[in-house]
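The values are calculated or read from the model by the stated rules, or taken from the named source; none is laboratory data. Quick caveat: nothing in here was measured; it's all calculated off a predicted structure. All Cβ positions, glycine included, derive from the backbone under ideal geometry; neighbour counts span all protein chains shown.
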Amino acid sequence: MKKILLCATLCALSLISNADEGMWMLNHIDEKTAEAMKSLGLQLTPSQLYSTEHASLKDCVVDFSDFCSGVVVSPDGLVFTNHHCGYGAIQSLSTPEDDILTNGFVARSRKEERPAEGLFVRFLIRTEECTGRIMRALNKVYEEHPNESTAELDKQYTDSIMGAAEKEFREANPGLDCMVRAYYENNAFYVSYYKVYRDIRLVFTATETMGKFGGDTDNWMWPRQTCDFSVFRIYADKNGEPANYSSKNVPLRLKNYARIAIDGYQNGDFCMTVGYPGSTSRYMSSWGIDERVNAINVSTIQVRGKKQEVWKRFMDADRAVGIKYASKWASSSNYWKNSIGMNKAIADLGVIRQKQQLEGKIKQWYNGRKDLKNRFEDMFGKLEEAYGKRREDVYAAGFFRETFMRGIELYRVAHMLNTMPQDADSTEAAQVRSRMEAFFKDYDAKLDEATMAALLKNYREQVKNRRYWPECYNTIDSLYGGDEASYAHDVFSKTICTSLDGVDMLLADSTLRDTDLGLLYADDIPTKMQEISGRNRDASTTIDYNEHLLTQALLEMDQETPHYSDANFTMRLSYGYIQDYTAGGIHHQYYTNAQSLLDKAAKQNEIEDYKLEDDIVALMKKGDWGRYADRTTGDMHLCFLSNNDITGGNSGSPMFNGKGELLGLAFDGNWDAMSGDISFDNNLQRCIGVDVRYMLFVIDKWGKAKNLIKELKMK
C-alpha cells in the first residue's frame, strides 16, 4: 500500500489566512503572501526575512537552549531573552551570599560576565524539505511487510527512518546540527541545519521582583507590568567557531543583528513574532481534546497543586531552599496554571463543539466523493472507539507520571543508581556522578520527604484501581499500616540516595540494590509506567494513524485555504497587529504604563507577588523616562499586546515592526484564550510582550550599564 503524498497540496499553501493566526515557515513565503503582509505594513521582502544566500532576519533569531527563543542585538553576540528563560541559569549562579536572583546582576565589563553552564544557542542555517526521502523509505517498509497494517508500520518505523535520515544529513554536513521534524501530523517532513554555540555568559538581569513581577498572581493575565528579560552573550573561539567554555574564547562577532525600535508603536501597527514555538495540537480531533481536558490536564492541575503546597512551606521558611527550588517552582507552577486556564477556556469558548462541527463538515465532504469515502469513512468511528479504550489508562498514567517521575525527586537519584554499572571506572558511573552533583546542588531532602508523604497519599486517593499502584504500596500497607508519612520518613532516614556519597557506597556494596529502601522504592516505577502506557498500545497506534488521516482529510478538503503545521520547535513567523481587545465586557488597552505598576506595588503588603524594592519604586515615581518615553503618549510603556500567534517555546521571541526593528520580547499569552494550543480564537487571543524601551530604561537607569547601552548602537 503506497502512502499518499500531499507535497503538492502542502507546497501550494500560502499565508493569506487571518493575519493574526498561524505559525508559518519563513522559507515558504510566496509572492502572494508577501503582498498580503506588505498591505498590513511589512516593509521587508521575503528574502530579507529568510535567505541562505545573504543576511536575513532569521539570522538574528536563536533557539535558546531548546526551551525558549532569543534575539541577537549587537555585533558582539549580545542576546536578549526573557528573564524566565534565563531564570535557571540565574538561579544556578546565585548563592545566599551572592544572591543575584534577588539583587540582580550587571556586568560592567566583559571580564565580569559569568559563564552559564548548560546553556546554548542555535542559529538556523537553512531548512529543506525531505518528505520524498521519508515517504520512499516508508513505502519500502510497506512493500516488505504486505500483511501488516499501515498504522502499525507507521508507528514502528517512522521515528527510526527520520533518525536514519538525520544521521545521514549530519554526516554530510560536518559542524552542523541537523534535525528532521514531522509536519502536518506526519504528512510532510523537513530537515533544519543549525550551528550551535555552547559558551554562553550572563551579562545582565534585573531583580527577581522586576523580572517576575506579578508572579503566579498575574501569570497568563493581562494587564501585565513584568520586566521579563535577561541578557546573555555568545562566546566562540578566535575564528568565530563554536567551542566549549574557555577563558580564551571571545565574543562572537556578527554582521547581522536586530536593531532597536526606539520609536515604539501604536494600536493597529504591524507586528510580527519570530521564534521557536514548542508544541500545539490544533489538528487534534474532538475526542483528543476531550482526553486532554479530562484525562491529562487534571493530573497536572491536581498533583502539582499538592506538591506546590509542600514546596511553598519549605521555600518560605528558608531562603537557601527558596533559591534551590526557585527555577523548579517557576516551571511547575507555570504549567499548572496553564492547564487550569486551558480547561477553563476550552469550556468557555466551546472548543470541543467547534471541533465536532468541523468534523461533521469533513464527513459530509468525503461522503459526497466515492473516490474518498473508502479512505476516510472509518476514521471517526475508530478514533472514538480507541480514545474510549485507553481513557482510564491515560488518566492513571498522568497521575503516575506527575507523582512518581516528576513529583517525588528521590526517584531521579534512585533510578540513576539502579541503572548505573557496578564498575567505578566506567564512563557511565562518571556520568552518573556528574549528573548527581548537579542535582544535589538544588535539592533538599526534608522537602522531598514531605513531598513523598503528601503525594503517595494523594495518588492512592485519586487513582483507585490497584493495578495502577507501584510495589511501594504493598510495603506501606503491610509494614506501615497504610501510613505514607511513616514510610517516607523511614525511606529518607535510611537510604543512600540523599547525598552524592551514595554513588561510592553503591559501588562498594552492590547488595544495597536489594536492601536500600530508596533503591527498592524506585526499582519498579519505570516498569509500572511502561505497563500502564503499554496497556492499550493498539488503541494508541489506531489514534496516531487516524489523527494523521484526519489532518490529511482537512488539507485535501480545504486545498484553497492556507493551513500551517502545528508547532514543533522549529523557527516560525506569526504576524498581525498591535491590538487591544474586549472580554467579558471589559476593554483592555493595548499597553500598560508606569502608573499601573505603581498601583500594583502599592498593594504589596497584601499581595506578595507585587513586591518591589524601594529604589525601583522611587525610580518609577520620578518619571524621568528620557528617550525611552513613548513619542505619542509621553509615557513609559511597560508591556503591550499583539494578536500574534504564540505558544510555549515562543518565550523570548523577538517582536518586530514592519521594518524588522525590535519592539520587544514575547513572554506570555492571555487568560481569556488559554485554549490557544488547541484552537486559536481570533477575537480573544493575544500575545503579551515586554516593551524593549522598558528593558533599555532598566538597563540604563536602574543598572547604570552604560557599556551595554553604548554597545546597542541605537539611533
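Overview of values
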{"quantity": "Residue selected from the stretch 1-53 under the condition at pLDDT 65 or above and farther than 23 Å from ASN644 by Cα, by the criterion farthest from the chain's Cα centre (by Cα)", "calculated": "GLU53"}
{"quantity": "Residue count for the stretch 685-715, restricted to those that are closer than 13 Å to ILE646 by Cα and not polar (S, T, N, Q)", "calculated": "4"}
{"quantity": "Those strands (runs of 3 or more DSSP E) lying entirely in the stretch 150-214 with at least 2 residues buried (at least 21 other Cβ atoms within 10 Å of the Cβ) and in contact with a Leu (Cβ under 9 Å, 6 or more places away or on another chain)", "calculated": "188-197, 199-205"}
{"quantity": "Filter result for GLY407 (small (Gly, Ala, Ser), at negative phi and part of a loop (DSSP other than H, G, I, E, B))", "calculated": "yes"}
{"quantity": "Residues (among the charged types (D, E, K, R) and either crowded, with 20+ Cβ neighbours inside 10 Å or touching an Asp or Glu at 6+ places or on another chain (Cβ under 7 Å) (or both)) located in the stretch 481-522", "calculated": "GLU484, ASP516"}
{"quantity": "Number of the exception - MET655 against (1) at pLDDT below 95; (2) under 24 Å from HIS84 (Cβ atoms)", "calculated": "(1)"}
{"quantity": "Among (1) modelled with pLDDT of 95 or more; (2) under 23 Å from TYR276 (Cβ atoms); (3) surrounded by 19 or more Cβ atoms within 10 Å (Cβ to Cβ), the one test that PHE697 misses", "calculated": "(2)"}
{"quantity": "Test result for THR403, farther than 16 Å from TYR468 by Cα and of a type in the set (Ser, Thr, Tyr)", "calculated": "no"}
{"quantity": "Options LEU598, LEU512, LEU506; residue that is in contact with a helix residue (DSSP H, G or I) (Cβ under 7 Å, 6 or more places away or on another chain), farther than 30 Å from GLY658 by Cα and in the same structural domain as TRP24 (by TED's automatic domain parsing)", "calculated": "LEU598"}
{"quantity": "Residues located in the stretch 420-465, provided they are farther than 30 Å from GLY482 by Cβ and β-branched (Val, Ile, Thr)", "calculated": "THR427, VAL432"}
{"quantity": "Any hit, the stretch 295-312, residues being in a helix (DSSP H, G or I), over 20 Å from GLU461 (Cβ atoms) and in contact with a helix residue (DSSP H, G or I) (Cβ under 6 Å, 6 or more places away or on another chain)", "calculated": "no"}
{"quantity": "Looking only at the stretch 106-132, and only at residues there that are among the acidic types (Asp, Glu) and assigned to a strand (DSSP E or B), the one that is surrounded by the most Cβ atoms within 10 Å (Cβ to Cβ)", "calculated": "GLU129"}
{"quantity": "Residue within the stretch 259-268 that is without any contact (Cβ under 8 Å) to a residue 12 or more places away in the chain and either more than 30 Å from TYR575 (Cβ to Cβ) or more than 26 Å from the chain's Cα centre (by Cα) (or both) present", "calculated": "no"}
{"quantity": "Selection within the stretch 413-439 - surrounded by 17 or more Cβ atoms within 10 Å (Cβ to Cβ) and assigned to a helix (DSSP H, G or I)", "calculated": "VAL413, ALA414, HIS415, MET416, LEU417, ASN418, ALA429, VAL432, ARG433, MET436"}
{"quantity": "Failed condition for LEU138, given (1) in a helix (DSSP H, G or I); (2) touching a helix residue (DSSP H, G or I) at 6+ places or on another chain (Cβ under 9 Å); (3) surrounded by fewer than 16 Cβ atoms within 10 Å (Cβ to Cβ)", "calculated": "(3)"}
{"quantity": "Residue list for the stretch 367-393, restricted to those being within 11 Å of ASN546 (Cβ to Cβ), in a helix (DSSP H, G or I) and of a type outside the set (Phe, Trp, Tyr)", "calculated": "MET379, GLY381, LYS382, LEU383, GLU384, GLU385, ALA386"}
{"quantity": "Qualifying residue in the stretch 480-494 (condition: within 30 Å of the chain's Cα centre (by Cα), assigned by TED's automatic domain parsing to the domain that holds PHE399 and either at pLDDT 95 or above or under 21 Å from LYS528 (Cα atoms) (or both))", "calculated": "no"}
{"quantity": "In the stretch 640-667, residue surrounded by the fewest Cβ atoms within 10 Å (Cβ to Cβ) [restricted to those that are within 22 Å of ASN334 (Cβ to Cβ) and among the hydrophobic types (A, V, I, L, M, F, W, C)]", "calculated": "LEU641"}
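Each row is one residue, and each column tells you yes or no for (1) surrounded by fewer than 19 Cβ atoms within 10 Å (Cβ to Cβ); (2) modelled with pLDDT of 95 or more; (3) assigned by TED's automatic domain parsing to the domain that holds LYS611.
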{"position": "GLN225", "(1), (2), (3)": "no, yes, yes"}
{"position": "ASP228", "(1), (2), (3)": "no, yes, yes"}
{"position": "ASN239", "(1), (2), (3)": "yes, yes, yes"}
{"position": "PRO242", "(1), (2), (3)": "no, yes, yes"}
{"position": "LEU252", "(1), (2), (3)": "no, yes, yes"}
{"position": "LYS255", "(1), (2), (3)": "yes, no, yes"}
{"position": "ARG259", "(1), (2), (3)": "yes, yes, yes"}
{"position": "ASP263", "(1), (2), (3)": "yes, no, yes"}
{"position": "PHE270", "(1), (2), (3)": "no, yes, yes"}
